Amino acid sequence: MDPSEVAKFEAMAAEWWDPSGKFKPLHMLNPCRLDYITRQIAAEYGRDLSVPRPFEGLRILDIGCGGGLLSEPMARLGAEVVGADAAERNIPVAQVHAAQSGLDIDYRHTTAEAMAEAGETFDAVLNMEVIEHVSDPAAYLRACHALLRPGGVMVCSTLNRNPKSFLFAIVGAEQVMRWLPRGTHEWSKFITPDELYDLLRQAGFEPVDRKGFVFNFALWDWSLSDRDLSVNYVTTSLRPGG
């Protein structure tokens, strides 16, 4: 890769990681996502999050890794991380920022289906805000199941489908606040929590937890909720047999 290409990707990486840039919504949500993800993985594997590198020895897949906003924290916690994205241009962006951060992360331009076909397996799969973008959620989740070792844990987040989610995620986030480009989401592809649980069970998972991600406009931050799954929500599922 020539220097001009490196410079281009470095500029893109800076934009991905700019908390005030066009990826601001993910930066705002990321602490809440990470809190949930790390606690779920730690609980499943009996890890102490207060010690350095608590995920040492675990192999984690971050599907739809983008610029690496979740992959990098997992690597800092000691995990062996593979970041996969179907959007080819995201991979050099993520690679550049990981190199700038001194992190060794295996970023790949590939899909869950291709990795499953190749026989890859992981202790944990991060499947965050991806399923609402795929054409066949059932087939996609079957591939995720194949990627998870027996006893492994998958954390999957998406958007509920109801009038409130249309108002907040489409009208509010894309048209009013302009946090996301218009057309980022298709409301018809949103999945209700009960639908997702059914899809997870059909794919061979055992769903064990679900929480809502709730935005507080007064405090201007995100929090987890046991009851409010009306817009953004997250689930934890296990692959039985471990």
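Coordinate-derived values only; no laboratory data. Being a predicted model, the structure only gives us computed values, none of them experimental. Quick reminder, even Gly has a Cβ in these numbers, built from the backbone with ideal geometry, and neighbours come from all protein chains shown.
If you take the Cα centroid of segment 12-89 and the Cα centroid of segment 123-145, the two points sit 17 Å apart. Could you list the residues of segment 123-143 with an amide nitrogen less than 13 Å from a label point located 7 Å from the Cα of D106 in the Cα-to-C-beta direction? Counting backbone N atoms under 13 Å from the label point, the list is 123-124.
The Cα atoms of segment 35-143 give a gyration tensor whose axes a ≥ b ≥ c have a/c of 1.5 or more with a/b no greater than b/c, which makes the shape oblate.
Note that segment 190-198 has calculated 3J(HN,Hα) couplings of 5, 10, 6, x, 5, 4, 5, 4, 5 Hz, one per residue in order, obtained from phi through the Karplus relation 6.51 cos²θ - 1.76 cosθ + 1.60 (θ = phi - 60°); glycine and proline are x. Once you sort the root eigenvalues of the Cα gyration tensor of segment 3-239 as a ≥ b ≥ c, which label holds: rounded (a/c under 1.5), prolate (a/b larger than b/c) or oblate (the other case)? Rounded, because the longest to shortest axis ratio a/c is under 1.5. Remark: relative contact order (segment 3-239) = 17 percent; criterion is Cα-Cα distance under 8 angstrom and separation of 6 or more residues.
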